[in-house]
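First comes the structure, then the notes that go with it.
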Amino acid sequence: MPAKPATLCYFDGRFLPLCDVAVSPFDRGYNFGDGVYEMLRVYNGVPFALDEHVERLFRSAAGIDIRPRLSPRDYRDLIVALVERAGWADAAVYGQLTRGDAPRDHVWDENIAPIDFWTVKPLVSPKFGRTMISVPDERWSRCEIKAISLLPNVLAKQRARRVGADEALFVMPNGIATEGGACNLFAVKDGVLYTHPIGGKVLPGVTRAITLKICKKMGVPVVEEGRSLDFHRDADEVFVCSTTMEIQPLLQLDWRPIADARPGPMTMRLRQAFLDYVRQACGDAPPLAGEVDGADVGVETMARVG
Ligand SMILES: Cc1ncc(COP(=O)(O)O)c(C=O)c1O
């Protein structure tokens, strides 16, 4: 059997096989979770929403006072080169930028050099439909920064997984639902789309921004205001979105079906419009998972988790 090709990555200025990377135990990402990251999709060999992801990387880095050594253009070239070399048509690119390597000290030397790590893996198609449990939002108040220190998200998602749900939904002490462990949240009520505004409690998701752009084009009224957990429970439709899951209907929240636990018409329209947007940007994108015959999926998923 031919040997499996080694996974390629870019680390600290060089392209090399993943197995040849040596990370210092004093990398501040490792010691303090001191860094930022990005995750982007590749469709048909083309990185999707590349500019938006690179722009957010720079905003996140600026948010914690990291000055990248590469320019935005360098990052775009790096990602394109990595994707080309890896050769997968449908893939996910993960990149992180840590503050650098230095003897452990909370305070950093202003001249420390940040360290890049970028890799790409073939993508497994996301499953159609999601279930969520609500959990207290115990995160910090700078959620607009895509920081690698994701402990509350990790714990919340693991808690969801342990009880058989796909995702955790963060709810603040005042009852307002913010976003998922790794996705943004939308509700539909009487033809109006509701989503929490971006800022300290919600990541400015690239998929969220594209969804809002599509809504504007389609004339869908949008209210960017926080709404309660109960509002979401009683909504006509709820959906979540992210780079890797795209737009997915929420079928169950805290073990109760949303509407009749079937994907709603607005969600399906926006999913289709999102797919069209991807096709325009990246050429002939594969169909979104569960695109056809969504009607029976709700029942199936409820049986699985119920
Ligand atoms: C907390 C959180 N919110 C929202 C998102 C969705 O962001 P994007 O659409 O840019 O993937 C993510 C993605 O990982 C996330 O971690």
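Overview of results
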{"quantity": "For segment 9-41 versus segment 59-114, the gap between their alpha-carbon centres in whole angstrom", "calculated": "8 Å"}
{"quantity": "Heavy-atom accessible surface of the chain: percent carbon and sulfur, 1.4 Å", "calculated": "54 percent"}
{"quantity": "Relative contact order (percent, whole number), segment 197-282, Cα cutoff 8 Å, 6+ residue spacing", "calculated": "26 percent"}
{"quantity": "Rounded FRET efficiency, nearest 0.05, which uses the C-beta distance separating Arg256 from Phe32 and R0 of 41 Å", "calculated": "0.55"}
{"quantity": "Accessible area (Å², per residue) of the chain, counting only protein heavy atoms and a probe of 1.4 Å", "calculated": "48 Å²"}
{"quantity": "Additional length obtainable on full extension of the chain from Glu110 to Gln280, 0.36 nm per residue less Cα span", "calculated": "56.9 nm"}
{"quantity": "For segment 269-278, Karplus couplings with θ = phi - 60° (6.51, -1.76, 1.60), whole Hz, Gly/Pro x", "calculated": "5, 5, 4, 5, 5, 5, 4, 4, 4, 4"}
{"quantity": "Relative contact order (%) - the chain, alpha-carbon pairs under 8 angstrom, separation at least six", "calculated": "18 percent"}
{"quantity": "Phi-based couplings in Hz for segment 12-29 (Karplus 6.51, -1.76, 1.60; Gly and Pro marked x)", "calculated": "6, x, 9, 7, 7, x, 3, 5, 9, 6, 10, 8, 5, x, 9, 4, 5, x"}
{"quantity": "Pairs beyond 28 Å (Cα-Cα), from Lys121/Lys189; Lys127/Lys189; Lys157/Lys217; Lys121/Lys216; Lys157/Lys201; Lys146/Lys189", "calculated": "Lys121/Lys189; Lys157/Lys217; Lys121/Lys216; Lys146/Lys189"}
{"quantity": "Positive-pole candidate from Ala86, Gly129, Ala6, dipole of segment 1-146, charges at beta carbon", "calculated": "Gly129"}
{"quantity": "Val46, Val154, ranked by accessible area, largest first (probe 1.4 Å)", "calculated": "Val154, Val46"}
{"quantity": "Full-extension gain in nm, Arg14 to Leu150, via 0.36 nm per residue minus C-alpha separation", "calculated": "46.3 nm"}
{"quantity": "Added length on full extension, which subtracts the Cα-Cα distance from 0.36 nm per residue, Thr244 to Glu84", "calculated": "55.6 nm"}
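The values are calculated or read from the model by the stated rules, or taken from the named source; none is laboratory data. Remember, it's a predicted structure, so these values are computed and weren't measured experimentally. Note that we place each Cβ from the backbone using ideal geometry, even for glycine, and neighbour counts take in every protein chain shown. In case anyone asks, the SASA skips ligands and DNA or RNA and just uses the protein heavy atoms, side chains included. Shrake-Rupley method; radii C 1.70, N 1.55, O 1.52, S 1.80 Å.
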